[in-house]
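The values are calculated or read from the model by the stated rules, or taken from the named source; none is laboratory data. This structure is a prediction, so every number in the text was calculated from the model and none was measured. With ideal geometry, Cβ positions are generated from the backbone for all residues, glycine too; neighbour counts draw on all protein chains shown. Ligands, DNA and RNA are stripped out before the accessible areas are found, and what is left, the full protein with its side chains, is counted by its heavy atoms. Shrake-Rupley method; radii C 1.70, N 1.55, O 1.52, S 1.80 Å.
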Amino acid sequence: MNKEQELLRKKSPVQIKNKKAAFEYFFIEEFTAGIVLTGTEIKSIRMGKASLVDTYCTIINGELWVKGMSISPYFYGSYNNHEQKRDRKLLLTSREIGRLASATKQTGYTIVPTLVWLNEKGLAKVDIALCKGKKAYDKRQTLKEKEDRREIDRAMKIYK
């Protein structure tokens, strides 16, 4: 990921994060994918009405799909509103999908969406990561590091 992409992500008006993913997994490799949406789904995402809790990605027939992603129905939508939890197709190159497919055949590896954001053209993008699950002692270590960082930040505020 280059610095321009990071800057675009930070400037995005919508940033829907999967906070639990960083706690549950080690990120091995990250990708940015487009997502196929209907009209009312993109309107709900622009309003920030989406969730990545308990989502994962699978590869079916050489295509990458996100499962369990929740996008709330659009408030002003009519009879052609979308389903809240349907499978949505992600857009990656065939080379990237092949790399992900070969990696997920190994035990312990999975693909998890980490962030939904809007690019400068208003299109929804999904950051996905090839992940390896953490053990219980790794999770405790992560909590300890987070607590230590919080203590340092508190100490720095007191001395300022």
A 1.4 Å probe over the protein heavy atoms gives the chain a carbon and sulfur accessible-area percentage of 52
Selection from 7, 113, 69, by position along the positive dipole direction of the chain (Cβ): 7
Report the full-extension gain for the segment residue 76 to residue 121: residue separation times 0.36 nm, less the Cα-Cα distance, to one decimal in nm. 13.9 nm
Cα lying deepest toward the dipole's positive end in segment 1-52, options 35, 16, 47, charges on Cβ: 47
Net charge of Cβ neighbours under 12 Å - reference residue 140; Lys, Arg +1; Asp, Glu -1: +2
When the solvent-accessible surface of protein heavy atoms is calculated with a 1.4 angstrom probe, in what order do 31, 75, 23 fall, highest first? 75, 23, 31
Over the chain, the sum of -39500 (n - 2.57) across DSSP H runs of at least four, divided by residue number and rounded to 500 deg cm²/dmol, gives at 222 nm -11000 deg cm²/dmol
Nothing charged except the Cβ atoms of Lys and Arg (+1) and of Asp and Glu (-1): what's the magnitude of the dipole of the chain about its Cα centre? Round to the nearest 20 debye. 420
Measure of exposure for residue 47: accessible area at 1.4 Å probe, Å² rounded to 10, is 100
Length gained when the stretch residue 46-residue 30 is fully extended (0.36 nm per residue, less Cα-Cα span): 3.4 nm
Mind giving me the FRET efficiency for residue 135 and residue 19? R0 is 30 Å, r the Cβ-Cβ distance, nearest 0.05 is fine. 0.95
For 53, 112, give me the order by solvent-accessible area with a 1.4 Å probe, most accessible first, ignoring ligands, DNA and RNA. 53, 112
Which percent of Cα pairs goes in each bin when the distances of segment 1-54 are cut into 5 angstrom slices starting at zero? 4, 14, 19, 28, 22, 11, 2
Reachable lysines from residue 105, criterion Cα separation under 27 angstrom, eight or more residues apart if same chain: 17, 19, 20, 67, 85, 89, 125, 132, 134, 135, 139
What relative contact order, as a whole-number percentage, does the chain give when Cα pairs under 8 Å and 6 or more residues apart are counted? 30
Could you report segment 31-123's accessible area per residue, 1.4 Å probe, as an integer in Å²? 56
So if each residue of separation counts as 0.36 nm, and I subtract the Cα-Cα distance between residue 6 and residue 85, what length gain in nm does that give? 25.6 nm
³J(HN,Hα) across segment 67-76 via Karplus (A = 6.51, B = -1.76, C = 1.60, θ = phi - 60°), whole Hz, x for Gly/Pro? 10, x, 6, 9, 10, 4, x, 5, 4, 8
